[in-house]
Amino acid sequence: MEYLVALADERHFTRAAELAGISQSGLSAAIRGLEEELGTSLFVRTTRRVEPTEAGFALLPFARAMLEQAANARDAVVQASRAVSGSLRIGAEQCLGLVDIAGLLDRFHRRHPQVETHFIQTGSHDQLSLLRAGELDVAFVATDKHLTGLRRNEIGRESLVLLTLPEHPLAGKSSVRIEALEDEDFIDFGPSWGVRTLNETAFASRGVHRRVRSSVNDVHTLLDLVVRGLGIAVVPRHVAAKPQAGRLRALPLTGPGTPEWIVSAVSTHGDQPDSPAAHLLALQAETPVCLPEPI
């Protein structure tokens, strides 16, 4: 059922296999076995895409319900057999894309109701400062800088894209190099955000000058400013899939050394087996990564 849902969501065997943590051949064999057992095709395969059949769509809600029940059953067993208590202070950057923070917090609370959780949302670099000061236990960050001495679990990575209005001179290209963005006006996030550091480092390493006209601390504000023509933006790929970006063109960045958006969970207490932080990290590790749609 996990493989069925992954393939229905991703519509692509390679991405579905990555999401499910299995080889592509293994996923294909499992889907074929399920089709043989049910006596009908569940997907129509083409050279470029996979689409559920009518039977596949009919099975999908039951598959999702089965997976939800299985997760609830696991949570009930853990809650009954390994009661965890105490407090847990968690931080995350807004709109990380590769991890569903709200869903993770909800499931952790259901699995460990005796743990008192506190959550803040702030930039990656601010989180690392709070972590080192003992004011956070787990931080979900979008940077690979300044992590020495911290336990780090990489969740996933994705590429950056350029967002422009359709009438921008670059909008007609299929991709763009950083060198082509010399002296453009940019909308970017504040200095504590991981993507701001990525952008500053990538442009400086190529000797490319850019003007940051607006610094924001909210993804939707950034998209609104780009839509209004106040600048262009370099953002993680999942941001381009937001409804607020529907009017914009998303161009992949190309060229050697193009930076990647790397999302990690970091902690100072994750190596203590019975700590709430360790249980949160273990739960996150068993949760599928939220892969972005391709551009």
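The values are calculated or read from the model by the stated rules, or taken from the named source; none is laboratory data. As the structure is a computational prediction, the values presented were derived from the model and not from experiment. Note that we place each Cβ from the backbone using ideal geometry, even for glycine, and neighbour counts take in every protein chain shown.
Summary table below
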{"quantity": "Condition broken by PHE140, with the remaining ones in (1) in the same structural domain as LEU88 (by TED's automatic domain parsing); (2) at pLDDT below 90 satisfied", "calculated": "(2)"}
{"quantity": "Those residues of region 104-128 which are assigned to a loop (DSSP other than H, G, I, E, B) and among the polar types (S, T, N, Q), in sequence order", "calculated": "GLN114, THR122"}
{"quantity": "Only one of GLN24, GLN69 that is free of Cβ contacts under 8 Å to residues at least 24 places away in the same chain and surrounded by 11 or more Cβ atoms within 10 Å (Cβ to Cβ)", "calculated": "GLN24"}
{"quantity": "Filtered residues of region 218-236 (kept if touching a Ser or Thr at 6+ places or on another chain (Cβ under 9 Å) and buried (at least 20 other Cβ atoms within 10 Å of the Cβ))", "calculated": "LEU222, VAL226, GLY231, ILE232, ALA233, PRO236"}
{"quantity": "Residue list for region 134-184, restricted to those being more than 18 Å from the chain's Cα centre (by Cα), among the acidic types (Asp, Glu) and surrounded by fewer than 15 Cβ atoms within 10 Å (Cβ to Cβ)", "calculated": "GLU135, GLU167, GLU179, GLU182, ASP183"}
{"quantity": "Residue in region 232-239 that is in contact with a His (Cβ under 8 Å, 6 or more places away or on another chain), on the phi < 0 side of the Ramachandran plot and either among the aliphatic types (A, V, I, L, M) or in contact (Cβ under 8 Å) with a residue 24 or more places away in the chain (or both) present", "calculated": "yes"}
{"quantity": "From LEU162, LEU170, LEU147, residue being of a type outside the set (Phe, Trp, Tyr) and outside any loop (DSSP other than H, G, I, E, B)", "calculated": "LEU162"}
{"quantity": "Residues satisfying the stated conditions in region 54-63, i.e. surrounded by 15 or more Cβ atoms within 10 Å (Cβ to Cβ) and under 26 Å from the mean Cα position of the chain (by Cα)", "calculated": "LEU60, ALA63"}
{"quantity": "Positions within region 1-47 being more than 16 Å from LEU59 (Cα to Cα) and hydrophobic (A, V, I, L, M, F, W, C), in sequence order", "calculated": "PHE13, ALA16, ALA17, LEU19, ALA20, ILE22, LEU27, ALA29"}
{"quantity": "Odd one out for ASP75, checked against (1) surrounded by 15 or more Cβ atoms within 10 Å (Cβ to Cβ); (2) modelled with pLDDT of 90 or more", "calculated": "(2)"}
